[in-house]
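Each remark here refers to the structure printed beneath this line.
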Protein chains: 2
Amino acid sequence: MEITFLGTGSGMPSKNRNVSSLALKMLQERDEVWLFDCGEATQHQIMKTTIKPRKIAKIFITHMHGDHVLGLPGLLSSRSFQDGESAVELYGPPSLKEFVETSLKTTGTHLNYPLIFKPIAEGIIYQDQDIKVSAKKLQHGMPSYAYKIEEADKIGPLLPERLKKLGVSPGPIYETIKNQPTTVLPNGTEVHRNDVTGPDIPGRRIAICGDTKPVESLAQWVQGVDVLIHEATFMEADEQLANDYSHSTAADATRLAKKAQVNYLLMNHISSRYQQDLLEDEQTRLKDIFSPLQFVEDFMEFTVK
Amino acid sequence: MEITFLGTGSGMPSKNRNVSSLALKMLQERDEVWLFDCGEATQHQIMKTTIKPRKIAKIFITHMHGDHVLGLPGLLSSRSFQDGESAVELYGPPSLKEFVETSLKTTGTHLNYPLIFKPIAEGIIYQDQDIKVSAKKLQHGMPSYAYKIEEADKIGPLLPERLKKLGVSPGPIYETIKNQPTTVLPNGTEVHRNDVTGPDIPGRRIAICGDTKPVESLAQWVQGVDVLIHEATFMEADEQLANDYSHSTAADATRLAKKAQVNYLLMNHISSRYQQDLLEDEQTRLKDIFSPLQFVEDFMEFTVK
Ligand SMILES: [Zn+2]
Ligand SMILES: [Zn+2]
């Protein structure tokens, strides 16, 4: 799982940062890319990466503000031009459907693949045997959501010593034993997987939050995630502005990360009013409160471990 | 009057060309910029020029295909952020209103200026004392229009010899005489402007065409314009493709320019399938049929004389 930040700015594009979007690449795991938010010119940003639009299988929209969705009609249309034939699932607030459908209809756009709308509410919004996605409502003046992506725990590694005691030698039988709860050996012995594997390997957990003012209950919901991606539209000195516009400061995000004991905090949605050196100072200061943390930039890559 | 090409590609953005848009800058004439088409990321392109979004007073959409309109909601929204307070008039096919209004509504966008929809049909769509804009229907599978921008003819220069004969000496009276049809001098003499000025100076005329297959009656409509801007999605070798998709070839545009005896042909909306050297060869070849002509590129500037 790798994350590519495609747009890390807020409100409107600037010379250094495009509006919001990030790609969660799961090419090894499921040969898919999932997109979170899709501001204008996200397809232009993707063109500068190795991401293939036809691999984008799901798109999650945190909220309907223009800097998070206006790139969607163009991206969907170009994906069709670029041989995208597999379905795309679109998760987001209910009005996402009206926006996308009207855009496609009025522009006479026909997609060569099915587009499936998945209006969201709080709770689990997608689940298969490998992964689960849940949503939690934030506070931003319009419905805004955080998404939590959780891999299923994996069966722990086989323990050769234990297997040897049961008379099992290395070979194809190892895979068989790992793939089912109980295996009956040719000699009639029952091997219970639980007895011959180490502890489960916990799946990775990522939380991607939409725009929001600080939300008391969020810490518990993102407790212990491997990566917390949170907006930091303003710096602490502009706390009043953050409050006025229902946004967070970098300090708010940092306090949340500390309280929730996450493994890594990545901050995006950064106002273009801040120069790079100011951001670096703020980052240094905040690392005294919680670490590791980082302001992200367009095209930054992050590997989730 | 200067033209800045903001997007000269077709269908979807490529590394070299963004999707359609061009700016007609009339800063000296009326302190306004008019935009023709507004594909996705037009606001990003504008950011790389000296054009100020708040100067954009009118936007003309040739047709509703996504590569010509999807940048509109973002541009309108950012113009509001960037202190745009004067009204914007939006000219285009009737469904433009539904697209823009739904986009603004579903994204919770409030503009700090009036947005005035001007659904178009064939004929004069705008006129004031200095300028006239007309529209003509093209053929493109969906309603597509050409726009013709015509400056009013200007009164010719005052002829000092003639004025001297009538006893008028140079001074502020010159302006008075030029500004009205008839001026009565202090001594009672009537001076008719027509008698003391040279021939009218013809206003400049520009035709900006939307996507279209060749249209027989277009030559007469653009007859003698100073600049004809026409699509050339395909090269002559791909005439069949042009026909299949209701587009023109560069040769079609060139034949039109020749027939209409325009002063300059600028070709845009060029498919990304063609490499630069192929375009240069085609351009050289077409110059034998009509000249001056040119394939345009993003950020190219053209002064209309
Ligand atoms: Zn927002
Ligand atoms: Zn078109």
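Values quoted throughout were computed directly from the atomic coordinates according to the rules given, and no laboratory measurement underlies them. On a predicted model such as this, the values are computed, not experimentally measured, just so you know. No Cβ is skipped: glycine too gets one built from the backbone with ideal geometry, and neighbour counts run over all protein chains shown.
From the backbone phi of region A:5-12, what are the Karplus-calculated ³J(HN,Hα) couplings (6.51 cos²θ - 1.76 cosθ + 1.60, θ = phi - 60°) in whole Hz, Gly and Pro given as x?
7, 9, x, 10, x, 10, x, 8
Tell me the GluC sites (Glu not before Pro) within region B:25-118 that lie in a loop according to DSSP and have at most 15 other beta-carbon atoms within 10 Å. Provide the component values of the computation, followed by the final result.
Numbers: sites: B:E29, B:E32, B:E40, B:E85, B:E89, B:E98, B:E101; in loops: B:E40, B:E85.
Taking region B:25-118 and a limit of 15 other Cβ atoms within 10 Å, the loop GluC sites (Glu not before Pro) found are B:E85.
How large is the convex hull of the C-alpha atoms of the protein assembly as shown per residue, in Å³? Provide the component values of the computation, followed by the final result.
Numbers: hull volume 122.7 nm³, N = 610.
Cα convex hull per residue, to the nearest whole number: 201 Å³.
Tell me whether region B:166-286 comes out rounded, prolate or oblate; compute the Cα gyration tensor, take square roots of the eigenvalues as a ≥ b ≥ c, and use a/c under 1.5 as the rounded threshold.
It comes out prolate by the Cα gyration axes.
Could you give, in nm with one decimal, how far A:D200 is from each other copy of that position, shortest first, with labels 7 Å out from Cα toward Cβ?
List, nearest first: 8.5 nm.
So which trypsin sites (Lys or Arg not before Pro) in region B:44-131 end up in coil per DSSP with only 11 or fewer other C-beta atoms within 10 Å?
Within region B:44-131, the qualifying trypsin sites (Lys or Arg not before Pro) (loop, at most 11 other Cβ atoms within 10 Å) are B:K48.
Tell me whether region B:217-293 comes out rounded, prolate or oblate; compute the Cα gyration tensor, take square roots of the eigenvalues as a ≥ b ≥ c, and use a/c under 1.5 as the rounded threshold.
oblate
Got a sec? How would B:H63, B:H230 order by Cβ neighbour count within 10 Å, fewest to most?
Listed from fewest to most nearby Cβ atoms, that is B:H63, B:H230.
Give the distance, in whole Å, between the Cα centre of region B:89-156 and the Cα centre of region B:192-234.
Answer, in whole Å: 18.
Return the distance in nm (one decimal) between the two label points of a simple spin-label model at A:E190 and A:Q261, each offset 7 Å from Cα along Cα→Cβ.
According to this spin-label approximation, the distance is 3.8 nm.
Given the alpha-carbon gyration tensor of region A:126-209, what are the semi-axes of its equivalent ellipsoid in whole angstrom, ordered largest first, with each equal to the square root of 5 times an eigenvalue?
41, 11, 8
Give me the distance in nm between label points sitting 7 Å out from Cα along the Cα-to-Cβ direction at A:E101 and B:K305, one decimal.
The answer from the label model is 5.5 nm.
Would you mind estimating how fast chain B diffuses translationally, via Stokes-Einstein at 20 °C and 1.002 mPa s with the Kirkwood radius over Cα pairs, in µm²/s? It would help to have the intermediate numbers written out before the result.
On the way: Rh = 20.9 Å.
Calculated translational D: 103 µm²/s.
Considering only DSSP states other than H, G, I, E and B, which GluC sites (Glu not before Pro) in region B:143-225 qualify as loop sites with at most 15 other Cβ atoms within 10 Å?
In loop regions of region B:143-225 (DSSP not H, G, I, E or B), the sparsely surrounded GluC sites (Glu not before Pro) are B:E216.
Say a label goes 7 Å from Cα toward Cβ at A:I124 in every copy; what distances in nm does this one have to the rest, shortest first?
Its label point is 6.8 nm from the equivalent points in the other copies.
Need one word for region A:10-156: rounded, prolate or oblate. Basis is the Cα gyration tensor (sqrt eigenvalues a ≥ b ≥ c); a/c below 1.5 gives rounded, then a/b vs b/c decides. Provide the component values of the computation, followed by the final result.
Working: a/c = 1.40, a/b = 1.17, b/c = 1.19.
The shape class here is rounded.
Give the angle, between 0 and 90 degrees and rounded to the nearest 10, that separates the Cα long axis of helix A:250-259 from the longest principal axis of the Cα atoms of chain A.
Its long axis makes an angle of about 20 degrees.
Every other copy gets compared here: list the nm distances from the B:P181 label point (7 Å along Cα to Cβ) to its counterparts, shortest first, one decimal.
10.0
Can you give the angle from 0 to 90° between the axis of helix A:95-106 and the longest principal axis of chain A, with both taken from C-alpha atoms, to the nearest 10?
Rounded to the nearest ten degrees, it is 70.
How are the alpha carbon pair distances in region A:55-124 distributed across 5 Å bins from zero to the largest one, expressed in percent?
Spelled out per bin, shortest first, that is 3, 16, 30, 27, 17, 5, 2, 0.
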